[in-house]
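Q: Questions regarding the structure given below will be posed in turn.
The values are calculated or read from the model by the stated rules, or taken from the named source; none is laboratory data. Only a predicted model underlies this, so the values are computations on that prediction, with no experimental measurement involved. Ideal geometry is used to build each Cβ from the backbone, glycine not excepted, and the neighbour counts take in all protein chains shown. Note: accessible area is taken over every heavy atom of the protein model, side chains too, but ligands, DNA and RNA are not part of it. Shrake-Rupley method; radii C 1.70, N 1.55, O 1.52, S 1.80 Å.
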Amino acid sequence: MNSPGAATLIRRGIAAEWTRTTGRSFLWIVAVPFTFVLPLIVTFGIAAVAERLAELPGQSYLATVSTTNSVYWVITLSVSVMTVTTAYAHAAQWRGRTSDLNAFLFPRFWTVALARWFYYGTITAVSTVVLLVVVMVTLPTQFPQIYGAVDITDSAGIRFLWTVPSYGFAACGVGVAVGSLIRTPSAAVAVLLFWVYVAENSINMLPHGYTLQAYAPFLNAVAATGQEVAFIPRFGRNGSLLYFVLFAVVLFVAAVVLPALIRKISAYRRAAVTKSGA
């Protein structure tokens, strides 16, 4: 009997992940709520304080905020939460009997990884779009003195609506790759957080650090969304977003596809040697 094709296995993997996470799972009880709550609390908390200060006498010098600087916490916090969640979920499959079950149900391991990327990436993309709309619509109406210039329909707002979900979707691919390389969930999460929040921001302290930092994938991706940051995207905005997507794909292939291909070739060779020696 012929084994199912890759597309069928990917569909099965997405369905299996949906079944596994349906109900009171970590994804829906912790990760997704944190994806929404953290950036909303920080964004509206800062907005409320800034608006209160603007209402005080003699505070007219406070600068207003434009659209390009209105969704920073959505970009950084929401994507990070879902990226580490993806890495944790993928690394956790190596524990206990789950590994044996995956090997039985999905003989092509890379299809499981790709299915998980699609599943978590889609959730991330949809979540960030919802958050972007909520933030960019609420800020100018509820905090008009400081955030009155924020406009979801201007060029920056429209750009956010497609670049941030794209960044989030690609970042989940990085999470899957890290979860494949580091098969301890807590360690995979720690490595990702260190990479995003420490390594890329402090690499400029090294010799030729600014040259190295110009190629930092996450910094390039954040700058590519249109967010105001001190970092200048190495390849221009669209080019830097494409750079991050390609980085995610290459890392995924190196961490997931190539090892599976090497194992398959080794198995064929062992079978050939065994057959020739029989």
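Q: Using the structure shown, decide if residue 158 is part of a helix (DSSP H, G or I), modelled with pLDDT of 95 or more and open to solvent by 30 Å² or more (accessible area, probe 1.4 Å).
A: The answer is yes for residue 158.
Q: Do the conditions hold for residue 175, that is, is it over 20 Å from the mean Cα position of the chain (by Cα) and either within 20 Å of residue 66 (Cα to Cα) or modelled with pLDDT of 90 or more (or both)?
A: no
Q: Here is a follow-up. Conditions: (1) open to solvent by 50 Å² or more (accessible area, probe 1.4 Å); (2) outside any helix (DSSP H, G or I). Residue 152 meets all but one. Number of the miss?
A: Failed condition: (1).
Q: Return a yes/no flag: does the stretch 134-145 have any residue that is open to solvent by less than 10 Å² (accessible area, probe 1.4 Å), hydrophobic (A, V, I, L, M, F, W, C) and within 20 Å of the chain's Cα centre (by Cα).
A: Looking for residues that are open to solvent by less than 10 Å² (accessible area, probe 1.4 Å), hydrophobic (A, V, I, L, M, F, W, C) and within 20 Å of the chain's Cα centre (by Cα), one finds at least one in the stretch 134-145, hence yes.
Q: Going through the stretch 178-237 one residue at a time, which ones are open to solvent by less than 70 Å² (accessible area, probe 1.4 Å) and on the phi > 0 side of the Ramachandran plot?
A: Within the stretch 178-237, 226, 236 meet the criteria.
Q: Could you name every one of the helices (runs of 4 or more DSSP H) located completely within the stretch 173-228 that has at least 2 residues being more than 20 Å from residue 88 (Cα to Cα)?
A: 209-213, 217-224
One line per residue, one yes/no per condition, for (1) open to solvent by 30 Å² or more (accessible area, probe 1.4 Å); (2) at pLDDT 90 or above:
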position: 6; (1), (2): no, no
position: 13; (1), (2): no, no
position: 17; (1), (2): no, no
position: 21; (1), (2): no, no
position: 25; (1), (2): no, no
position: 34; (1), (2): yes, yes
position: 52; (1), (2): yes, no
position: 62; (1), (2): yes, no
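Q: If you go through the stretch 235-244 one residue at a time, do you hit one that is touching a helix residue (DSSP H, G or I) at 6+ places or on another chain (Cβ under 9 Å), modelled with pLDDT of 80 or more, outside any helix (DSSP H, G or I) and of a type outside the set (Ser, Thr, Tyr)?
A: yes
Q: Which pairs do you get when a residue that is touching a residue at least 40 places away in the same chain (Cβ under 8 Å), found in the stretch 132-149, comes within reach of a residue that is in a loop (DSSP other than H, G, I, E, B) and of a type in the set (A, V, I, L, M), reach meaning Cβ atoms under 6 angstrom, with the pair 6+ apart or on two chains?
A: 132/71; 135/71; 136/150; 136/152; 139/150; 146/65; 147/65
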